[in-house]
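> I'd like to ask some things about the structure below.
Every number in this text was worked out from the coordinates using simple rules, so none of it is lab data. Because the structure is predicted, anything quoted here is derived from the model rather than measured. Cβ atoms come from the backbone with ideal geometry, glycine included; neighbour counts cover every protein chain shown.
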Amino acid sequence: MKATSAPHSGSNGLSVSVVVYQPDIDQLTSTLAGLGAACDALHAARPSLPVVLHLVDNGGLPDVSAALDRLREHGVFCSIITGHGNVGYGRGHNLAIERSASQYHLVLNPDIDLARDALCEAFDFFDAHAEAGLITPWIGDEHGDQQFLCRRYPTLIDLFARGFLPARLRQLFSRRLARYEMRDQINARDVVWDPPIVSGCFMLFRTTVLKQLAGFDTRYFLYFEDYDLSLRAHDLTRVVYAPSVRVLHHGGGAARKGSAHIRMFMASAYKFFNRFGWKWL
């Protein structure tokens with residue numbers, strides 16, 4: 001495995017991990033550009049704060065040297081972790097988490113665009129709330145409409161209806177899906193403490209909490225590793241939805257990505273329910 005050596009990020013630093021497998025180069029470049037702009041704003045507010053990006057190559061990483069050079073111009077140290085093969089989403093992030101000695105660690109998808117003030121808002125929230133150990137943001141789609149990615153504990157019907165039914169049939173389950181997606185609590189204004197499950201597309205941790213959790217459970221290759229980590233996080237800290245922290249998410253569901261993703265989704269769902277308990281209705 002090859003990796004450039006990162007500087008020790010210190011007790012006040014931020015580390016970021018992005019795991020990629022045959023990524024869309026335009027979207028990845030956009031994600032890295034958004035991270036650079038957010039780090040610019042963060043450095044304007046906290047000039048001495050070091051930031052390290054660990055880009056984890058699970059396979060098929062295109063030439064992103066220009067994008068990384070631009071990040072370095074924003075004061076971000078960039079490390080590529082490669083040579084380990086496609087070890088899965090959670091295990092890939094763990095390779096970066098193991099290398100991180102920061103105060104905060106951001107688990108970030110390569111299909112996320114950060115608002116320029118996203119990191120500033122998150123750090124200010126952490127400063128004001130020592131009890132918070134994991135922040136999940138307001139998440140919008142490419143049209144700017146809110147995505148409801150905080151979750152209550154899922155039932156099998158919830159997962160099937162949300163993930164695999166066409167929109168017309170999904171309307172028959174609209175009430176229960178609204179409850180599952182916490183639409184009665186999640187909005188663009190109000191902070192919500194302790195949502196049971198939050199999305200892995202953007203998880204900003206106090207690194208000490210993430211280390212105590214030993215990162216992601218590597219039994220999940222893809223899907224449900226964020227559900228698992230969210231539920232375990234509640235044993236150690238408070239999880240918070242902070243809508244002042246804003247990102248856009250360009251990802252899609254498993255069913256829209258083909259049969260291989262459906263099989264991975266089902267295998268991970270089985271592992272998740274076996275660990276935390278089956279809930280059918």
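> FRET efficiency for A267 and D26, Cβ-Cβ distance as r, R0 = 22 Å, nearest 0.05?
Values: r = 30 Å, r/R0 = 1.38.
Once rounded, the FRET efficiency stands at 0.15.
> Can you pull out the GluC sites (Glu not before Pro) in segment 106-212 that DSSP calls coil and that have at most 14 other Cβ atoms within 10 Å? Could the numbers behind the result be given before it?
Numbers: sites: E121, E131, E142, E181; in loops: E131, E142, E181.
Within segment 106-212, the qualifying GluC sites (Glu not before Pro) (loop, at most 14 other Cβ atoms within 10 Å) are E131, E142.
> Tell me the angle of helix 25-45 to the major Cα principal axis of the chain, expressed in degrees between 0 and 90 and rounded to the nearest ten.
Long axis of 25-45 versus the principal axis of the chain: about 60 degrees.
> Now for a separate question. Once each part is reduced to its C-alpha centroid, what is the distance from segment 36-106 to segment 143-206 in angstrom?
28 Å
> Still on this model: Starting from the Kirkwood Rh over alpha-carbon pairs, what translational D in µm² s⁻¹ does segment 9-125 have by Stokes-Einstein at 4 °C and 1.567 mPa s?
Details: Rh = 14.1 Å.
Using the Kirkwood radius from Cα pairs, D works out to 92 µm²/s.
> Something else now. How much of the DSSP beta bridge set in the chain is antiparallel, as a percent to the nearest 5? Write down the numbers at each step before the final one.
On the way: 17 of 43 bridges.
Antiparallel bridges: around 40 percent, rounded to the nearest 5.
> While we're here: Suppose we flag chymotrypsin sites (Phe, Trp or Tyr not before Pro) only when DSSP calls them loop and at most 13 other Cβ atoms lie within 10 Å. Which is the longest uninterrupted stretch of the chain? All intermediate terms of the calculation are to be shown ahead of the outcome.
Working: sites that count: W278, W280.
With a cap of 13 other Cβ atoms within 10 Å, the longest stretch comes to 1-277.
> Using the alpha carbons of the chain, what is the convex hull volume per residue in cubic angstrom, as a whole number?
Working: hull volume 34.6 nm³, N = 281.
Per residue, the Cα convex hull of the chain comes to 123 Å³.
> Round to the nearest 10 and give me the degree value, 0 to 90, for the angle of helix 118-128's Cα axis relative to the longest principal axis of the chain.
Relative to the chain, helix 118-128 is tipped by roughly 90 degrees.
> Once every DSSP H run of n ≥ 4 in the chain is given -39500 (n - 2.57) and the sum is divided by its residues, what mean residue ellipticity at 222 nm do you get, rounded to the nearest 500 deg cm²/dmol?
Working: 10 runs with 105 residues, N = 281.
Theoretical 222 nm ellipticity from helices: -11000 deg cm²/dmol.
> On a full-extension model of 0.36 nm per residue, what is the gain between S259 and I157, subtracting their alpha-carbon distance, rounded to one decimal in nm?
Details: separation 102, 0.36 × 102 = 36.72 nm, distance 1.95 nm.
The S259-I157 span can extend by a further 34.8 nm.
> Right, another one. Rounding to the nearest 10 and keeping the result within 0 to 90°, find how far the Cα-based axis of helix 89-99 lies from the longest principal axis of the chain.
30 degrees
> Below 8 Å between Cα atoms, with a sequence gap of 6+, how large is the relative contact order for the chain in percent?
On the way: 550 pairs, mean separation 66.0, N = 281.
Dividing the mean separation by the residue count of the chain yields 23 percent.
> Right, next: Cα-based Rg of segment 124-281 per 2.2 N^0.38 Å, rounded to two decimals?
Details: Rg = 15.6 Å, N = 158, 2.2 N^0.38 = 15.1 Å.
Computed over Cα atoms of segment 124-281, the ratio equals 1.03.
> Would segment 162-239 count as rounded, prolate or oblate if I go by the C-alpha gyration tensor, calling it rounded below 1.5 in a/c and otherwise prolate when a/b exceeds b/c, oblate otherwise?
On the way: a/c = 3.00, a/b = 1.55, b/c = 1.93.
Here segment 162-239 falls in the oblate category.
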